[in-house]
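> Got a structure for you, questions after.
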Amino acid sequence: MSEAADQIFATLKQSSQSGAPLYLQLRKSIEDAVNRGLIGPGDALPSERDIATKADISRVTVRKAVQDLVKGGILIQRHGSGTFVAPRMERVEQSLSRLTSFTEDMARRGMAVRSAWLDRGLYAPSPDEMMVLGLSSNELVARVARLRIANDTPLAIERAALSASVLPDPAGIGSSLYAALELTGHRPVRAVQRISAANLGDSDARLLEVPPGIAGLHIERISYLASGKVIEFTRSIYRGDAYDFVAELRLSGPGEEVRP
Ligand code: 16G
C-alpha cells in the first residue's frame, strides 16, 4: 500500500490549491485511488497520523474524510486493527421480466442460498395487509420475514404477508416460500413490483452488514394467482450496492396502445 499511498497523498498536495475543503480533497483522492484500483478491497489504509504527515494536513481533517468514506461504504473500520478498503460486492443483475423466487435466482447463478428468520407467524392484519390481500379484520395474516443470504452475503430483507387461509403454517415453508406455495397450487403467475430508493435505517443496515444511511432499494411486490386473486404482498429492502434491476424495453408496434 505504501507506494499507492504516496501517490494518493502526492496528488493531494498538488491539488491542495484548488479551494475545495481539504477533507473533501482527501476523500476524493482516496475514492479515486479505490476506483482506479490503486488500492483494492482488503488493503489497509495507513494510520491517521501517517496520512496527516504524508499529506501535510491535520489529523482532524483526515478523520473527517475517513469517516465520510466509512459512511459511504468505501472503507470499513475494524476495531483495534485499523481502516481498510471495503470488500467489493459482486453485483447481482436481476431481470424485471420474470417472476422468479430468490432461491431460484441465486441457484441459477450457482450461489448458495440461506435465510435467517426474522419473524414467522399468524397475526391480526394491518390496514395495508387487509386492503392488499382483501382480508377482513376477523381473518388472520401469515407473515414470513427473512434475511436473504447468498454466498454468506446478506442481500435483502423480505417481509411477506399472505392470507392465513393460503399459508396456515408459516413456520413450515422450508427454504422457499414459492416452492411451498407451488405444492398447494398457490404459486403466483403474475406480479406488480414497485421499486423506490431508500436510505437504510440502523437496524436494516445492521442486518445487511452495511453502514447506516447507505442507499438501498425498497421493493414492494404484489403477486397474483391466475384467477386474479392477490396471493402475496411482500415488502423488501435490497442492498443498493449489490443489485442492478434490468428491464427490457421495446418500441411499441403500430396500433399498440401505450399505457402509463
Ligand atoms: C423474491 C421476491 C419475493 C418472494 C421471494 C420468494 C423480489 C423483490 N421478491 O425474492 O416477493 O417472496 O422471491 O423466494 O423479487 P423464495 O421462494 O426463495 O422464498
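> Please list log₁₀ I(q)/I(0) at q = 0.18 Å⁻¹ for segment 21-137, using the Debye equation with identical point scatterers on the alpha-carbon positions.
Debye curve over Cα of segment 21-137, log10 I(q)/I(0) at q = 0.18 Å⁻¹: -0.94.
> In segment 179-213, whose amide N lies under 19 Å from the spot 7 Å out along Cα-to-Cβ of Ser126? List them in ranges.
Residues 192-208 fall inside that zone.
> Going by average Cβ neighbours within 10 Å, how do the peptides 90-99, 109-118 rank, with the highest at the top?
Put in order of decreasing packing, that is 109-118, 90-99.
> At a Förster distance of 22 Å, what's the computed FRET efficiency of His79 paired with Arg206, Cβ-Cβ distance as r, to 0.05?
So, using R0 = 22 Å, E works out to roughly 0.90.
> At a Förster distance of 25 Å, what's the computed FRET efficiency of Asp244 paired with Gln67, Cβ-Cβ distance as r, to 0.05?
0.35
> Would you please put 78-89, 133-144 in order of how densely packed they are, using the mean number of other Cβ atoms within 10 angstrom per residue and starting with the highest?
Most protected by this proxy first, the peptides run 133-144, 78-89.
> What do you get for the angle between helix 22-35 and the principal long axis of the chain? Use alpha-carbon atoms, 0 to 90 degrees, nearest ten.
Between the helix axis and the principal axis of the chain, the angle is about 60 degrees.
> Using DSSP to define loop residues, name the trypsin sites (Lys or Arg not before Pro) in segment 181-260 whose beta-carbon has at most 12 other beta-carbon atoms within 10 Å.
Those that pass, being in a loop and sparsely packed, are Arg250.
> Please list, short to long, the whole-number percent of alpha-carbon pairs of segment 92-246 in consecutive 5 angstrom bins beginning at zero.
2, 9, 18, 22, 22, 16, 8, 2, 0
> Which of the three applies to segment 161-260, rounded, prolate or oblate, going by the alpha-carbon gyration tensor with a ≥ b ≥ c and a/c under 1.5 meaning rounded?
oblate
> Just to be sure I understand the model, the point goes 7 Å from the Cα along the line to the Cβ. What's the resulting Asp6 to Arg108 distance in nm?
The modelled label-to-label distance comes out at 5.0 nm.
> Leaving ligands, DNA and RNA out of it, report the carbon-plus-sulfur percent of the accessible area of the chain at a 1.4 Å probe.
So the carbon and sulfur contribution to the accessible surface is 51 percent.
> I want the antiparallel fraction of DSSP beta bridges within the chain, as a percent rounded to 5.
If we restrict to bridges inside the chain, about 95 percent are antiparallel.
> Now for a separate question. Take the Cα gyration tensor of the chain, multiply each eigenvalue by 5, square-root it, and list the three semi-axes largest first, rounded to whole angstrom.
45, 21, 16
> How large is the accessible surface per residue of segment 136-219, computed with a 1.4 Å probe and reported in Å² as a whole number?
Per residue, segment 136-219 has 48 Å² of solvent-accessible surface.
The values are calculated or read from the model by the stated rules, or taken from the named source; none is laboratory data. Everything numeric in this text was worked out from a predicted model, so none of it was measured. Ideal geometry is used to build each Cβ from the backbone, glycine not excepted, and the neighbour counts take in all protein chains shown. Surface areas here come from the heavy atoms of the whole protein model, side chains and all, with no ligands, DNA or RNA. Shrake-Rupley method; radii C 1.70, N 1.55, O 1.52, S 1.80 Å.
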